[in-house]
Amino acid sequence: MNLKKYLVRALHRLQKGPGYTYKELLVWYCDNTNTHGPKRIIKEGPKKKLIWFFLTLLFASLVFWQWGILINTYLSYNVTSSLSIGFKTMKFPAVTVCNANPFKYSEVKHLLKELDRLIEAALERILQPTPGNGSESLSPPLDLELWNQIPLVLIDEHDKDNPVILDIFETNQTAVGNETAVGKEAKKKYKLAVKLCSHQGSENCTYRNFSSAAQAVTEWYILQSTSILSKVPLHERIRMGYQAEDMILACLYGAEPCNYKNFTQIYHPDHGNCYIFNWGMDEEALNSSNPGAEFGLKLILDISQQDYIPYLSSAAGARLMLHQQKSFPFLKDQGIYAMAGTETSIGVLVDELERMGYPYSDCTVNGSDVPVKNLYSQYNTSYSIQACLRSCFQNHMVEICGCGHYMFPLPEGVAYCNNQDNPGWAYCYSSLRSSIKQRQICIDSCKETCNDTQYKMTISMADWPSEASEDWIFHILSYERDMSTNVTLDRNGIIKLNIYFQEYNYRTISESAATTIVWLLSSLGGQFGFWMGGSVLCLIEFGEIIIDSLWITIINVIGWCKGLKQRRARARYPDAPPTVSELVEAHTNLGFQHEAAGAVAGPEALPPEPGTPPPNYDSLRVQPPEGPDSDTE
């Protein structure tokens, strides 16, 4: 019951409202608030009242302006970077080593035979132009079908509006006058380019120009060999590459000997067979006991430079990369070369990056919130932005070109591109690779990892072995590899690597929020207190007057609606309806009248039952009394 009474009182209180007007409410607020300024507005004279009103309005505007700046600064979610240096025993990085040449030439020569004959004939026409050196003079004749799919052409750009384009194997060379298109003057006047068409015989073509013929030949050979090798099964490509037992001659980690069995083999499209030390897939990662070259990894590699593919690999050496455990090595982006005939020492420093996640930065912890399907997950490796960008490009290539590029993993149910099944793949690939829109889509879709470890390397080199020691070193290494007393190794195929931590100091670069909620509240309060001498209680007072104003407004609106309803009722019924008291009085009078009529008429005055004859009203008439005093005629 007490609760019901309380609710009824509260309802009556809400219906009644604050009980004063807007003006009374404003005067009350100015007289009772703890904020400086409003009190002076109502207590000073007319002139000072105007001055204080202007000052209060000015400083209140400044407060709101500063608050807007502070809130916008907070919502921008800026970060600050801090650098800290620590000391601890660290995990030795995963080390990936590959040969700069992906395949042994002796193993793939039968696949690239026609391609090599084509490029040799083309170079002969470019470098040594003589009459009758066309493809028809060669025995056996060249297979120009392979050439026509992706040809090399010469472009005369003297007339920019009307460039002259000639195929190297064209027999009609009259377009350039008396000089042939591939003469000595052509080396000055003509540029070599790769012609890419949407399909063979199409006029929808593009030309990739190069400032050097060497670059054009390399690019052309890569495109053609990619088409050929994409049709070779993976196990065959692995067999044609460099095997671990042939490539890794010696291994030493700290004081413990190791061999090629301590490396994990993966196939990399750019470099063929690659071998990873300390990848951490099947066993725990190794820790480094101490900094310095004595406690690092020492390798001796044989790259067999004499078996390189002449037109595919123009650089000789080993490609290596240091990276985290269980991450895929992207050697083309982050790898370094080690030169043959040298001892390369690599001192390592570790940087750990710790980024703040959403909303401070658009980074990801494990790639689960990235909309791009990671094609490198088939290797059971962790997420990286390089894997995401390449997966994004390959997905677009499959969607637009109808096949996948040989250099990237394939989605399920998709085949690699080649000239026979996809004649316009090179044109599609080139257009997609040069598309800024496609690149931006992938950049916007992929995210950096929130935590990352980077290895900073200090590289130094020296000739190895020295002239004084090369005889005995090559004898020993040749015997250990081939069980032969003859020297089968030379300086052009041997590389020695030393990889170690320079020191155990590691740097942690971490991000922290530049503005926090505590900073925001203190800054808002500081501005409010500085300009108007206010506090949180003043804000509560201001909130109170706003609530009261809304309350008064609601009461006024309800009253206005009731008045409008009554005015509409009066307009509809001109005569005023009877009041309650009038209705009660009329009802009472009517009751008295009915009682009087019932007393005079008796019971017969009641309404007859249905079907009864009408009463004899004459019998009810009052007869005059009989007697001596009655009137007689």
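Assorted remarks:
- HN-Hα J in Hz across the range 46-55 - Karplus 6.51, -1.76, 1.60, θ = phi - 60°, x for Gly and Pro: x, 5, 5, 4, 5, 4, 5, 5, 5, 5
- Compactness check for the range 260-316: Cα Rg over 2.2 N^0.38 Å is 1.49.
- Cα extents for the range 437-483 along the principal axes, largest to smallest and rounded to whole angstrom: 57, 27, 23.
- Tail fraction, Cα-Cα pairs, the range 362-449, threshold 14 Å, whole percent: 63
- Residues GLN215 and LEU521, FRET efficiency given R0 of 51 Å [Cβ-Cβ distance, rounded to 0.05]: 0.25
- For ALA250, the residues whose amide H sits under 5 Å from its own are ILE300, ignoring neighbours fewer than 5 places away on the same chain, with H placed 1.01 Å from N.
- 1.4 Å probe accessible area per residue over the range 362-449, in Å²: 49
- Shown is the FRET efficiency for GLU585 and ILE558, computed with R0 = 22 Å from the Cβ-Cβ distance and rounded to the nearest 0.05: 0.10.
- Across the range 358-370, coupling constants 3J(HN,Hα) worked out from phi with the 6.51/-1.76/1.60 Karplus curve, θ = phi - 60°, read 4, x, 7, 8, 9, 10, 10, 7, 9, x, 5, 9, 8 Hz, and Gly and Pro carry x.
- Rounded to the nearest 10 Å², the accessible area of VAL194 at probe 1.4 Å: 0
- Amide H contacts of PHE210 (H built 1.01 Å from N, under 5 Å, at least 5 apart or other chain): LEU192
- Taking other residues whose beta carbon is less than 14 angstrom from the beta carbon of GLY292, and scoring Lys, Arg as +1 and Asp, Glu as -1, yields -1.
- Farthest toward positive dipole pole in the range 362-449 [+1 Lys/Arg, -1 Asp/Glu at C-beta], among ALA415, LEU432, TYR376: LEU432
- Summed side-chain charge close to ILE51 - residues other than ILE51 whose Cβ falls under 12 Å, Lys, Arg +1, Asp, Glu -1: +3
- Sum of side-chain charges, LYS496 neighbourhood, beta-carbon under 10 Å (Lys, Arg +1; Asp, Glu -1): 0
- Rough spin-label spacing in nm, given labels placed 7 Å along Cα→Cβ, for THR89 and ILE155: 6.1
- For the range 439-533, the list of GluC sites (Glu not before Pro) that fall in a loop by DSSP and count at most 11 other C-beta atoms within 10 angstrom reads GLU467.
- Protein accessible area in the range 362-449, 1.4 Å probe - carbon and sulfur %: 51
- Within straight-line cross-link reach of LYS298, lysines at Cα separation under 27 Å, skipping those fewer than 8 residues along the same chain: LYS88, LYS91, LYS104, LYS261, LYS326, LYS332, LYS456, LYS496
- Charge dipole (Cα centre; +1 on Lys/Arg Cβ, -1 on Asp/Glu Cβ; no other charges) of the range 362-449 amounts to roughly 200 debye.
- The GluC sites (Glu not before Pro) found in the range 250-359 that occupy coil by DSSP, while having at most 14 further C-beta atoms within 10 Å, are GLU283, GLU284.
- Among ARG125, ARG40, ARG439, ARG117, the order of accessible area from largest down is ARG439, ARG40, ARG117, ARG125, computed with a 1.4 Å probe on protein heavy atoms.
The values are calculated or read from the model by the stated rules, or taken from the named source; none is laboratory data. Predicted, not measured: the structure shown is a model, and the values here were computed from it. Here the Cβ is made from the backbone with ideal geometry for all residues, glycine too, and neighbour counts use every protein chain on show. The accessibility values were calculated without ligands, DNA or RNA, using every heavy atom of the protein model including side chains. Shrake-Rupley method; radii C 1.70, N 1.55, O 1.52, S 1.80 Å.
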